[in-house]
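The values are calculated or read from the model by the stated rules, or taken from the named source; none is laboratory data. All values reported here derive from a predicted model rather than from experimental measurement. Cβ atoms come from the backbone with ideal geometry, glycine included; neighbour counts cover every protein chain shown.
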Amino acid sequence: MSHFAVITLPLYSHMQAMEALAKHLIVRGHRVTFFQQEEARSLLREPQAHFIPVGHPTPSGMHEPGFFRLISGMASVTDMLCRELPHAFRQHNIDAVIVDQMEPAGGLVAQALNLPFISICCALPVNRDSTIPLPVMPFRYGTSDRSRKLYASSADVYDWLMSGQGRVIARHARAFGLPARNRLDQCLSPLAQISQTIPGFDFPRTLPACFHAVGPLRHDPPGVSSGNKKRFVFASLGTLQGYRYGLFRKITRACREAGVPLLIAHCDGLNASQTARLARAGAQTVGFTDQLAVLRDASAVITHAGLNTVMDAIATATPILAVPLAFDQPGVAARVVFSGIGLKACRFSPSHTLSQHLLELLENKQYTQRITALQTQLINAGGAARAAEIIEQAVRTRHSVPTA
């Protein structure tokens, strides 16, 4: 059996996906160890997975406000991991590495040590394709020359913004004796790349033969929703954005205007005074809840367009009103609209606009029909169990694992 190292961003949703994958590998007899700064230890809940702290116990910058602070934090973590992981991997006899696509250090170090590694897309895939926009961009899919020029120019701007991390990647690639590179997508596994998405949700695109869209990485398969929906709306802005009281207040007004009950999960981002005011305005609030269970009953979901929430909505055939805020959420929201399973609104839209969107989702059965078709594809994608099989094959053979 193999000893796997897991390298991922210290974010709840990324750790949750990797933890589910780790659990399946542990059940199959493997050992799994997460390597990250000490602050990430509290995010790991799987008792049979190990955690090894690396680097100094200082903030990673992942939760810092501001785009440039975030990018600077990501670059510093990549730099630290590239310096610390080679010794840590040797010390703990690592056989193979499971790498978050968003953290290039794992792939760089694995290649430097000649270890097999597998890339995991916890968010939208970072694989480049000039015919579609980058996942962080809000653009619709288009095939015109104007669209292609827009995609190319926006990619140039993004690469300039990410140049700090690009320089870190380039410097460590040189130090490790690897071919030149300076972008995330140039640090992906040639053996297997595993995504939480499904083909029917993405834009038409070209992906490598070793790319596997297995759907959400969860401890247990999502199961099929009964279809017996209740007339209420569920709203969540995820673990990082749950503090946005103003947006929750607007959502509450929109649901009141639409005449539909609302349940808000704020992930402990709101204080008692804020939840009391939302309650007086007509919303029921909770800190955390079983999202899949709630979505099985809800007739619509309002979300920041986090990939995990959108995949849960597909699993439960719940039409989506996407209000993207950051990261790859604009790209996820664009795909929600493209696949016809929901609508998108700007966070600055008035409550009346959100109310109109909600009524459209609740009354137009085409959204439910289209998301039910995607639900079938998601259920059959294989999830974490299929991902574990692909990883085992890649490590055993050290050859590219083609999509079946």
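You will find that of 401, 332, the residue that is under 24 Å from residue 20 (Cα atoms), assigned to a loop (DSSP other than H, G, I, E, B) and of a type in the set (A, V, I, L, M) is 401 and no other. Annotation: residue 301 fulfils all but one of (1) modelled with pLDDT of 95 or more; (2) more than 18 Å from residue 247 (Cα to Cα); (3) in contact with a strand residue (DSSP E or B) (Cβ under 8 Å, 6 or more places away or on another chain); (4) not small (Gly, Ala, Ser); the unmet one is (2). Scanning region 372-388 for residues that are over 19 Å from the mean Cα position of the chain (by Cα) and in contact (Cβ under 8 Å) with a residue 40 or more places away in the chain turns up 372, 373.
Only residues that are of a type in the set (A, V, I, L, M, F, W, C) and closer than 19 Å to residue 74 by Cβ were counted across region 177-189, and they come to 3. Can you find even one residue in region 167-179 that is over 20 Å from residue 332 (Cα atoms), buried (at least 18 other Cβ atoms within 10 Å of the Cβ), in contact with an Asp or Glu (Cβ under 7 Å, 6 or more places away or on another chain) and assigned by TED's automatic domain parsing to the domain that holds residue 106? Yes, region 167-179 contains a residue that is over 20 Å from residue 332 (Cα atoms), buried (at least 18 other Cβ atoms within 10 Å of the Cβ), in contact with an Asp or Glu (Cβ under 7 Å, 6 or more places away or on another chain) and assigned by TED's automatic domain parsing to the domain that holds residue 106.
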